[in-house]
Amino acid sequence: MSQNLRIALTKGRLQDKSVELFEAMGLDCSPIQNPGRRLVHALPNYPLEAVLAKAPDVITYVEHGVCDLGIVGKDTILEKGGSFYEVLDLGFGRCRFALAVQAGSDFYGTYKTRRVASKYPNVARAFFQKKGMDVDLIKIEGSVELAPILGLADGIVDIVETGATLKENGLVPIEDVAPVSARLIVNTASMKLHKAQIEDFITRCEAELEKRRGQA
Ligand code: PRP
């Protein structure tokens, strides 16, 4: 009997989509369907244990090798970085990072140093550095749209999915920063130590993703 692999799933929206993917791959995910407050779940018909974690912690657990695999958004990967293999774009959790400002404001039309608020300061820093533009960054923990409304920032770098949050708060996206979607990541040592098992898992994932692309 092969040793169980362990995968860290990002709690919330990506967790639901991950479970959908696993079920489609033939993995019985009934223990995660109604997880209650339990955070570790062994799957009954595949040698895999799923743990439910916050997005940045998925990377931490995979980097440290206590989880062999992880499913996490590219947004978290871009912000946190780290040492692991990013092996598959899973095609769900699609959204984008964008620079947004208050409707009618001219973000680039001044020589004054602009203030930018973001929950993702590293992403924002890299974006403006690439342009050779000096900005003051302010880290905000959530509902970043408030920062320009309250006059704290000239713009925000944030995740845009439907665009509804921006719109309802009088903001408009003026530039795309980076596309985002869920990724499968693998611990570098696990990739060697559990090569056959991990390859089996990746192959099953790929087959399902291929099927979805065929249906699109
Ligand atoms: C994210 C993001 C936006 C919103 C975008 O926030 O920060 O606020 O979703 O989605 P939309 O384009 O479909 O409106 P989240 O719900 O993760 O909460 P947060 O603002 O507290 O981070």
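The values are calculated or read from the model by the stated rules, or taken from the named source; none is laboratory data. None of these values were measured; they are calculated from a predicted model. All Cβ positions, even for glycine, are placed from backbone atoms using ideal geometry, and neighbour counts span all protein chains on display. The area values use the complete protein model at the heavy-atom level, side chains included, leaving out ligands, DNA and RNA. Shrake-Rupley method; radii C 1.70, N 1.55, O 1.52, S 1.80 Å.
Scan the range 182-202 residue by residue and report those that are in contact with a Phe, Trp or Tyr (Cβ under 7 Å, 6 or more places away or on another chain) and not in a helix (DSSP H, G or I).
Scanning the range 182-202 gives Ala182, Ile185, Val186, Asn187.
Within the range 82-113, how many residues are closer than 17 Å to Lys139 by Cα and either open to solvent by 20 Å² or more (accessible area, probe 1.4 Å) or assigned to a loop (DSSP other than H, G, I, E, B) (or both)?
From the range 82-113, those closer than 17 Å to Lys139 by Cα are 97-101, 113; that's our starting set.
From the residues that got through so far, the ones that are either open to solvent by 20 Å² or more (accessible area, probe 1.4 Å) or assigned to a loop (DSSP other than H, G, I, E, B) (or both) too are 113.
Here the count works out to 1.
Just the residues that are away from the ligand (no atom under 11 Å from the Cβ), within 25 Å of Gly73 (Cα to Cα) and in contact with a helix residue (DSSP H, G or I) (Cβ under 9 Å, 6 or more places away or on another chain), please, taken from the range 146-177.
Passing the criteria: Gly155, Val172, Glu175, Val177.
List the number of the failed condition for Val19; all other conditions in (1) surrounded by 18 or more Cβ atoms within 10 Å (Cβ to Cβ); (2) in a helix (DSSP H, G or I); (3) touching a Ser or Thr at 6+ places or on another chain (Cβ under 8 Å) hold.
(3)
Provide a single number: the residues in the range 84-109 that are away from the ligand (no atom under 16 Å from the Cβ) and charged (D, E, K, R).
Step one: filter the range 84-109 for residues away from the ligand (no atom under 16 Å from the Cβ), giving 84-91, 104-109.
Going one step further and asking which of them are charged (D, E, K, R), we end up with 86, 89, 106.
Total satisfying the criteria: 3.
Using the structure shown, decide if Val116 is part of a strand (DSSP E or B), more than 30 Å from Leu9 (Cβ to Cβ) and within 15 Å of the ligand (Cβ to nearest atom).
Numbers: part of a strand (DSSP E or B): yes; more than 30 Å from Leu9 (Cβ to Cβ): yes; within 15 Å of the ligand (Cβ to nearest atom): yes.
Yes; evaluated as a whole, the condition is true for this residue.
Buried (at least 18 other Cβ atoms within 10 Å of the Cβ), among the small types (Gly, Ala, Ser) and either in a helix (DSSP H, G or I) or within 16 Å of the ligand (Cβ to nearest atom) (or both): does that describe Ser143?
no
Mind listing just one residue for me: the one in the range 146-179 that is of a type in the set (D, E, K, R) and not in a loop (DSSP other than H, G, I, E, B) and, of those, surrounded by the fewest Cβ atoms within 10 Å (Cβ to Cβ)?
Within the range 146-179, the match that is surrounded by the fewest Cβ atoms within 10 Å (Cβ to Cβ) is Glu168.
If a residue has to be over 21 Å from Tyr120 (Cβ atoms) and surrounded by 15 or more Cβ atoms within 10 Å (Cβ to Cβ) to count, how many in the range 185-205 make the cut?
12
Given the conditions (1) over 24 Å from Val180 (Cα atoms); (2) not in a loop (DSSP other than H, G, I, E, B), report the number of the one that Asp57 does not fulfil.
(1)
Taking the range 120-137 on its own, how many of its residues are within 15 Å of the ligand (Cβ to nearest atom) and surrounded by fewer than 19 Cβ atoms within 10 Å (Cβ to Cβ)?
1
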